[in-house]
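Below is one structure, written out as structure tokens; comments come after it.
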Amino acid sequence: MKFYVTTPIFYINAKPHIGHVYTAIAADVLARWHRSKQDDVLFSTGTDENSQKNVEAAKTANQDIAVFVDDMADTWENTFKELGISHDFFVRTTSPEHHQAVTALLNLIETHGDIYLGDYQGLYCEGSEDFVNESDLVNGLCPNSNKPPKKITEQNYFFKLSNYRDRLLEHYQKNPDFVQPESARKEIISYIEHELADISISRQAQEWGIRLPQDSEHAVYVWFDALINYLTVAGFPADEAKFKRYWPADVHLIGKDIIKFHGAIWPAMLMAADLPLPKKVFAHGFFTIDGQKISKSLGNAIDPIALAKEYPFDAIRYYLLRDIPFGNDGDFSPQRLLDRYNADLANGLGNLVSRTLNMIEQYWPDYDGSGDTPAQVEELLATVDPQLNQLAFDKALSAIWQSLTWADERIEQTKPWELAKAGDTKALQDVLAQLFLTLVAANEKLGPIMPKTHVKLEQLLNDRPIKKPTEPLFARKNRL
Ligand code: MSP
């Protein structure tokens, strides 16, 4: 089976923060999980470069925009690489392949008669690169950036989005899982029912950006251009074999702030070009940091690379996916990260590994690792795959940790050291094998979520004779 998963492409007016990396972590887990099932995976991420935000940022940095986006795209790509994100494709919207895809898609939409020239008079929010209504404003300011909107009066090309209202609603009715979770689905259906109108797809007199094939005086509206990245990655239009192989995407992972674009505009664009729609759009929540919105002015954006120097990146992956049910809003709390690290990783998994291997080395040095996974553990771990399939990462992790707790309780109940003292070899070996095989089974499920830990633990578990680890899997941390 093939599996094509995407993250949004990121604005590169600033460096990545932990909120951006969150989407990439979730996509990475899914990609690794599907690879482990031998699926033919395409996992894409990349940068949204034709935005006015980037132009402004380049000006502030006193740099040529082309140089600026090259540098920033490198920074983003290197960040993901350094963190071990396993994307197969890093798409840049200033690349020639992407230009080609945008031009081809716009031509297809035009053939359908869905593009027309009109006058746009209204408001524009540069922060979210969105045309907005008065009613969207909060105290007269753009809802996402808290900055005043720009008033625009210009001739624009429009996409007849309103033509697709009924087809979109029908698609939602027939495919109840198309947009998840339910809160995002409700929001988008209400938007389609009440607000859907034609959208401007070009900006006049904008130098930076892809030229509209219909009129080179215009730049393609950046969201229209950005959404098409998902086709570019799949080889559209030049590589037909690749496109056949991977399109439609299996899941677009996005944050809930950009649901309107992915749940209404994007499917309508594809309908207008007679292309198949993605199978699923999953919108995760937003998280605050210690209760506060991540913002430049507060200076509270957490640099993922700096954080990954304090904690193994697997621990950060674990904390984010375990603590915030995927799809809900949440809070990133450095204190909770520390607490979870110590309780679940150092004292939990790490301690169980060292106790188990230590006891085997001491009491049963020629154990070869054979035997069956305990039934209780098998039952618990059987829920992990279905949970991953639902993107319920917190529940998948909780099932894995329940199996570890089961093993901890076995130690407390059976006290292997007392069995050894009493010379009850059979009972002793039974429990040691149970512990060991629990670790083997749990580690198999951990692979996509905590890939480095998985490899380390696999080495320890495959080593013969089985030896206690020379250093802890996770060293306890005392203070922030
Ligand atoms: N460029 C557009 C996406 C185009 S996709 C065709 C964009 N870029 S972004 O850089 O602003 O955001 C990218 C992703 O990061 C979004 O999915 C957004 O939801 C996510 N996050 C940004 N801050 C976040 C949090 N504080 N919490 C969770 N996710 C966050 O939008």
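Count the DSSP beta bridges whose two residues both fall in the chain, then state the antiparallel fraction as a percent rounded to the nearest 5. In the chain, approximately 50 percent of DSSP beta bridges are antiparallel ones. Expressed as a whole percent, the accessible area of region 249-389 that falls on carbon and sulfur atoms is 48 (1.4 Å probe).
Protection proxy ranking of 355-361, 171-177, by the mean of other Cβ atoms within 10 Å over each peptide's residues and highest first, is 355-361, 171-177. Straightening the chain between Asn78 and Ser190 buys 36.4 nm, computed as 0.36 nm per residue apart minus the Cα-Cα spacing. Each listed q (0.12 Å⁻¹) maps to a log10 I(q)/I(0) for region 334-462, found by the Debye formula over equal Cα scatterers with no solvent: -0.46. The H on the amide N of Phe3, modeled in the peptide plane, is under 5 Å from the matching H of Asp40, Val41, Leu42, each at least 5 residues off or on a different chain. Helix-only arithmetic for the chain: the sum of -39500 (n - 2.57) across DSSP H runs with n ≥ 4, divided by the residue total, places the mean residue ellipticity at 222 nm at -14000 deg cm²/dmol.
Packing, as the average of other Cβ atoms within 10 Å across residues, places the peptides 450-458, 221-229 in the order 221-229, 450-458, highest first. Applying 1/(1 + (r/R0)^6) with R0 = 56 Å to the Cβ-Cβ distance of Asp372 and Asp257, what FRET efficiency is obtained, to the nearest 0.05? Efficiency, from the Cβ-Cβ distance: 0.70. The distance linking region 96-116 with region 34-60 is 21 Å (Cα centroid to Cα centroid, whole angstrom). In the context of the full set of protein chains, residues of the chain present 44 Å² of accessible surface per residue (probe radius 1.4 Å, heavy atoms only).
Could you sort the peptides 433-444, 288-299, 41-52, 108-119 by per-residue average Cβ neighbour count (10 Å cutoff), highest mean leading?
Top to bottom by mean Cβ count within 10 Å: 41-52, 433-444, 108-119, 288-299.
The values are calculated or read from the model by the stated rules, or taken from the named source; none is laboratory data. Small disclaimer: the values here were computed from a predicted structure and weren't measured. Cβ sites come from the backbone with ideal geometry, for glycine too, and all protein chains shown count toward neighbours. For accessibility, only protein heavy atoms count, side chains too; no ligands or nucleic acids. Shrake-Rupley method; radii C 1.70, N 1.55, O 1.52, S 1.80 Å.
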